[in-house]
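Report on the following structure.
Please treat every number below as a calculation from the coordinates, not as lab data. None of the values given here were measured: they were computed from a predicted structure. Glycine gets a Cβ as well: all are built from the backbone with ideal geometry, and neighbour counts include every protein chain shown.
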Amino acid sequence: MADDDGGSRRDFLYIATGAVAGVGTLAAVWPLIDQMNPSKDVLALATTEVDLSSIEEGQSVTVMWRGKPVFIRARTPQEIDEARATPLDQLKDPQSDQDRVVKDPWLVMVGVCTHLGCVPVGDDGDYDGWYCPCHGSHYDTSGRIRKGPAPENLPIPEYVFLDDTTIRIG
Amino acid sequence: MSNASLGTRVVRWIDYRMPIFTLLDHAVGSGYPTPKNLSYWWNFGSLAGLVLVIQIATGIVLAMHYTPHVDMAFASVERIMRDVNFGWLIRYVHANGASAFFVVVYIHIFRGLYYGSYREPRELLWIIGVIILLCMMATAFMGYVLPWGQMSFWGATVITNLFSAVPLVGDAIVSWLWGGFSVDNPTLQRFYSLHYLLPFVIVGLVVLHIWALHRFGSNNPLGIDTKGDKDTIPFHPYYTVKDLFGMGVFFIIFFAFVFYAPNYLGHPDNYIPADPLVTPAHIVPEWYFLPFYAILRSITFDVLFIPAKLMGVILMFASILVLLILPWLDRSPVRSAKFRPIYKQVFWLLLVVTVILGIVGAKTPSDPVFADKCPVAEVTEEEAAAIARGEMEEKKPPFCFQYVHLGQIGTAYYFLHFLVLIPLLGRFEKTRPLPPSISEPVLGGGTAAGAAVTREKA
Amino acid sequence: MMVATSVKRWLSAAAFGALALGTASTGVMAAGGAVDLPEQEWSFEGIFGHFDRGEVQRGLQVYLNVCASCHGLQYVAYRDLGDIGYDEDQVKAIAAQYEVPAGPNQDGETHDADGYPLMRTALPSDRFVSPFPNENAAAAMNGGAVPPDLSLMYKARPNGADYIYALLTGYYDEPPEDFDLPEDFEMMAGLSFNAYFPGHQIAMAPPLYGDDVEYADGTEATIEQEARDVTAFLAWAAEPNLERRKNMGIKVILFLIVMTGLFYASKRKIWRDQH
């Protein structure tokens, strides 16, 4: 009964037991949470290698990467000039064209409109670039937002050139 | 009490508007008086609840990755095992959890049988428990089909075919169960749906089970009613901590299986994808169905106008349904086997017979029990010629005691126990004297006067 | 009273013994009349079981050079080989030896001008390429007997590792004289005698003769060595998380013992006034 004096004295044994049981419960819950994270087969597809050799100047291809479309365009010199001639102060989300490419003439970007996630269509819009039909966002030849509700430029994924004609996205 | 902490005040505020804390306190708290003499056999109820929670939690998670389609089910399970984070652990817990659930519940049931927990006034509590068992069996059976391995497919085929034994509408029922003309994609999809649904039905039944339990409280090893405060202690902290200790022991054993023998209770054939063209050499249900499977197969002869197949099915279901009327079969004045010397022996015999039936369920019925091989009939050349001419009947081989015979004896005893021995013992068994109360056990040897103390009606 | 108690004890012991026997016997039965398998020692068995990287890598060599011409490994991905000690470039190189169907190209074609399906080089993210395009093709090219996929062979047979090893080393030109065979046993054309295959007649011709591969690590490629290595590889292929499982198991169970000990101490303390 000495241990039980009105419950005012905290008992080390009970605290230790409760702490260990708490740690055990948390450890048991973690696998149930972590299983929702991307699995190994999903992560294995987190990088995509693309062969660029068959894409001719002025052509675009769309590849899937992490479940999203990626636009790869071999831009024409005019498109590149047009993009680089645009003063930054005309841009809603100022970014120079050079910052958006790794190697000319390749423009690689995620084809998801930064407004609400639609896929813009190519060779369209007021700026010779991309146009999102959902809510009328216009992107220029560098994929930068010029007009419409979208807040940001089309994002550039991480990618590297493995050789002259192969890139690895992701 | 004026300086009550914030937590206490919040609890009081909520409890005044929705007395959930009062409810919990009366259910598993200090407000629930419990017999002070419960043994560790009373741990298995809370353990069953724990396993149910584990099964639902892991099951919901597995459903996020599983694909209920005959072409993809097996591969999706392998993806869980190989690619999903902790998928192998979650699946092994779920698969072994099913076995653990039955271990725990079977012990819980046999405890009820031994101590007479089904007796008045706890009949309804017992009946709800039997219904929970039936739901568990349906859930486990359908869950075993989902990985779509060989045993999944052939187990589903054999068990659904049982219903073809029903007169007149049997084939229509089977076709309805399948949603086609064999176990196939529609079958798999409905089993998946029902396997997800039934556990929540079980949760509902468990709530009713506990509700009924709280009407009169737990039975106890003496089987006598509690008489006032001296006989009881609050559930919390006494039984909460005891249940926690029991859960710890359970977890050690359970996780030893999960981590070191995860496939021991499974069947290797279920790692072979389902093939409707190739039946495995031996179709064996999961271990927890084996005694019932043995009863099903032990009826090899027609009973009056009932064909053998139908009789097997009837007896298999009857072996569980008989538990529903057990409270009325047992008329003994005493609940606990502690004071029933003959019933005690009969109880252990029933347990052994059930285990033997389980072994029989795993064996090929025609295999001999004691020898390596059953002898064949010795036929001389002359006799063979006579048989060929049709002048003599085929010679029967000498009798050989096969597993099917053992199963028949076991089945007969199983029903004898419930339908004959229990009612007879209730009438004629000389019971030992009951103690006057839980807190005053009988001192010394029982006296004749003590024998006169019978169970009080509640 | 004494007698009753001892009878009860005996009965309960018998019951639990019988239960253990019953569950064990279900496993034995599934062997389908095969003879007892010689028991082998495997590094991946037991509480501290682990895969011997060298053994498993040699086994991969045996699988790729011998087994893979008939047997698939469809649930294992090339990327998984990272688990058994290959680096990213090695995995990529192994995958690059194989081709997988490429599906429609940009012009919507699924077959090339000669009518062959379009293919691409396999990537680490692809699963092991099966030798036959479908089960019917496998049956047609193997006299009706489909070579089973080996991804789960280790788990799909009782005592899987011992079974695979025994099967691979259990071939005889003729049934041995002292071998216990049924009286009506007759070898069928096109089948081989195997001491450990259920029924003893197997459609798979002896796959190993010794020196079927030249091991990268210089190990001598005897039949027994090759059989051992490929068994270890298939055990890994069936249960790639085995090491993770056993390592985690030790920690979890030690933790649970401590936790249960604390629960027991608390229980003793709380119940003290009741005893």
For chain C, the longest stretch holding no chymotrypsin sites (Phe, Trp or Tyr not before Pro) located in a DSSP loop with at most 14 other Cβ atoms within 10 Å is which? C:49-178
Of C:I47, C:I164, C:I223, which has the largest mean-square fluctuation in a 10 Å C-alpha GNM of chain C? C:I47
Can you compute the FRET efficiency between C:K92 and C:A189 using 1/(1 + (r/R0)^6), with r the Cβ-Cβ distance and R0 = 45 Å? Round to the nearest 0.05. 0.50
Relative exposure of A:L45, B:L47, judged by other C-beta atoms within 10 Å (fewest first): A:L45, B:L47
Would chain B count as rounded, prolate or oblate if I go by the C-alpha gyration tensor, calling it rounded below 1.5 in a/c and otherwise prolate when a/b exceeds b/c, oblate otherwise? oblate
For a quick check of your reading of the filter: which GluC sites (Glu not before Pro) in the range C:208-275 sit in a DSSP loop and have no more than 12 other Cβ atoms within 10 Å? C:E214, C:E220
Just tell me how shielded A:30-37 is by partners: mean number of partner chain Cβ atoms within 10 Å of each residue's Cβ, no decimals. 6
Pop the C-beta distance of B:D372 and B:M137 into the FRET formula with R0 = 45 Å and round what comes out to the nearest 0.05. 0.80
Gyration tensor (alpha-carbon) shape descriptor, the protein assembly as shown, a/c threshold 1.5: oblate
Assuming a ≥ b ≥ c are the square roots of the Cα gyration tensor eigenvalues, decide whether chain C counts as rounded (a/c under 1.5), prolate (otherwise, with a/b larger than b/c) or oblate. oblate
If you line up the long axis of helix C:2-29 against the longest principal axis of chain C, both from Cα atoms, how many degrees apart are they, to the nearest 10? 0
Which parts of the range B:254-290 would a label at C:E135 reach, counting a residue when its backbone N lies under 19 Å from a point 7 Å out along Cα-to-Cβ? B:268-283
If you keep only loop residues by DSSP, which chymotrypsin sites (Phe, Trp or Tyr not before Pro) in the range B:358-401 have at most 11 other Cβ atoms within 10 Å of their Cβ? B:F370, B:F399
Taking only C-alpha pairs under 8 Å that are 6+ residues apart, what is the relative contact order of chain B in percent? 20
If one compares the long axis through the Cα atoms of helix C:223-238 with the longest principal axis of the Cα atoms of chain C, the angle in degrees, nearest 10, works out at 70
How shielded is A:15-22 by partner chains, expressed as the average number of their Cβ atoms within 10 Å of its Cβ atoms? 4
Could you give the longest part of chain A that holds none of the GluC sites (Glu not before Pro) found in DSSP loops with at most 15 neighbouring Cβ atoms within 10 Å? A:58-151
Could you list, in their original order, any pairs among C:K92/C:K155; B:K338/B:K363; A:K68/C:K92 whose Cα atoms are separated by more than 32 Å? B:K338/B:K363
Say we join alpha carbon atoms closer than 10 Å with springs in a Gaussian network model of chain A; which of A:P69, A:P87, A:P149 then has the biggest fluctuation? A:P87
Filtering trypsin sites (Lys or Arg not before Pro) in the range B:371-423 by DSSP loop and by at most 13 other Cβ atoms within 10 Å leaves B:K373
Per-residue ellipticity at 222 nm for the protein assembly as shown, helices alone: DSSP H runs ≥ 4 residues times -39500 (n - 2.57), over residue total, nearest 500 deg cm²/dmol? -15000 deg cm²/dmol
Distance in nm between A:H135 and B:T380 label points, each 7 Å along Cα→Cβ, equals 10.3
Please work out the FRET efficiency for the pair B:T364 and A:S53, using the Cβ-Cβ distance as r and a Förster radius of 60 Å; give the result to the nearest 0.05. 0.40
To test your reading of the geometry: what angle, between 0 and 90 degrees and rounded to tens, separates the Cα axis of helix B:150-161 from the longest principal axis of chain B? 90
Given springs between every Cα pair under 10 Å in a Gaussian network model of chain C, which of C:Q74, C:Q40, C:Q106 has the largest fluctuation? C:Q106
Within 10 Å of each Cβ of C:245-253, how many other protein chain Cβ atoms are there on average? 5
